[in-house]
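Right, one structure below, let's go through it.
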Amino acid sequence: MRKKVVAGNWKMNTLPAEGKALAIEVAEKAALVPEDVQLIIAPPFTHLCGVQKAVGETRVCVAAQNCADKVSGAYTGEISAAMLEALGLKYCILGHSERRQYYAETDARLVDKVALCLERGISPIFCVGENLEEREAGKHFDVVGEQVKNVLFTLTPEQMANVIIAYEPVWAIGTGKTATAEQAQEIHAFIRSVVAEKFGELAEEITILYGGSCKPSNAKELFACPDIDGGLIGGAALKADDFIAIAQSY
Ligand code: PGA
């Protein structure tokens, strides 16, 4: 059985006190979500400590939204995987399209980030996805396949077993335009087949999330697809009720 995950990516939203309140509300309402769904919230770095304390021993796990591609040293403004581990974090979003697009995140850098997180016992939530131009040109399988191969094919099977993949078509992020369940299922199955090229049967165990305008009204249909194991939620994760309603869609 693959792990089901619903993760909230708060991006650069909320101030620390609001973030703490949102985390507490999510933790309080978590009992409404089926027990086999892992709930994760990813607040900004400045709230990690407070949110981690606020959710305490509840079933809600806290993730970072990024980490450095270096171990430590003179890298002003960066946060290392060891620092995230010291806070007790178990997950870190890596390779989000906004980081690839606005902060020149390359596959080469992601190879290092993924490895450093795994060394610290942190599971990467590794994001892939094509932009609109690539989708319209019919290149989405090639683009997503390369993103998966360039980074995840550098891992050992033991490392790969701790990775979560998130497919997020760039044209669906924050646009209100969701991939149809058919489009999402098609590419999720493709991603699994690419993972299987290198890792064989392990591909069946890998959790693959859908992200991009996922909301309470469409989550059920998406999560019903055989290769969709949950969601990476942006805008809708900023309201505890919506986030919980999405997680209840299993
Ligand atoms: P969205 O963002 O749900 O607001 O489209 C998803 C994401 O970027 O992770």
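Values as computed for the structure displayed
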read-out	value
Equivalent ellipsoid semi-axes, the stretch 21-102, via Cα gyration tensor eigenvalues times 5, rooted, Å	26, 14, 11
Span-rule helices in the chain, defined as complete DSSP H runs reaching 24 Å or more along the axis (Cα) with Kyte mean at least -0.5	181-199
Estimated distance in nm for a label pair at A189 and E221, the labels positioned 7 Å out from Cα along Cα-to-Cβ	1.8 nm
Nonlocal amide H pairs with I233, under 5 Å, H built at 1.01 Å	A7, G8, N9
Chain lengthening between K70 and D36 when straightened (0.36 nm per residue, less Cα-Cα)	8.8 nm
Computed label-point distance, nm, for sites T156 and E18 using a 7 Å Cα→Cβ extension	4.4 nm
For the chain, calculated [θ]222 nm from helices alone, where every DSSP H run of n ≥ 4 adds -39500 (n - 2.57)	-12000 deg cm²/dmol
Along each principal axis, Cα extent of the stretch 102-250, largest first, Å	38, 36, 33
Listed peptides 34-46, 12-24 by packing density, highest first (mean Cβ within 10 Å)	34-46, 12-24
Spatial extent of the chain: Rg and Dmax, with the Cα atoms as the point set, Å	16.7, 47
K239, K53, K4 arranged by Cβ crowding within 10 Å, fewest neighbours leading	K53, K239, K4
Qualifying trypsin sites (Lys or Arg not before Pro) in the stretch 115-197, DSSP loop, other Cβ atoms within 10 Å at most 13	K177
Span from the the stretch 113-151 Cα centroid across to the the stretch 183-250 one, whole angstrom	15 Å
Calculated P(r) tail over 17 Å for the stretch 57-97, as whole % of Cα pairs	35 percent
Selected from V128, V143, V114 as most flexible by GNM, with the chain as the system and alpha-carbon contacts under 10 Å	V143
Candidate lysines - alpha carbon under 27 Å from K11, same-chain residues fewer than 8 apart omitted	K3, K20, K29, K53, K70, K90, K113, K149, K177, K215, K220, K239
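No value in this document is a laboratory result; all are computed from the given coordinates. Keep in mind that this is a model prediction, so the values were computed, not measured. As a convention, Cβ positions derive from the backbone with ideal geometry for all residues, glycine included, and neighbour counts pool all protein chains shown.
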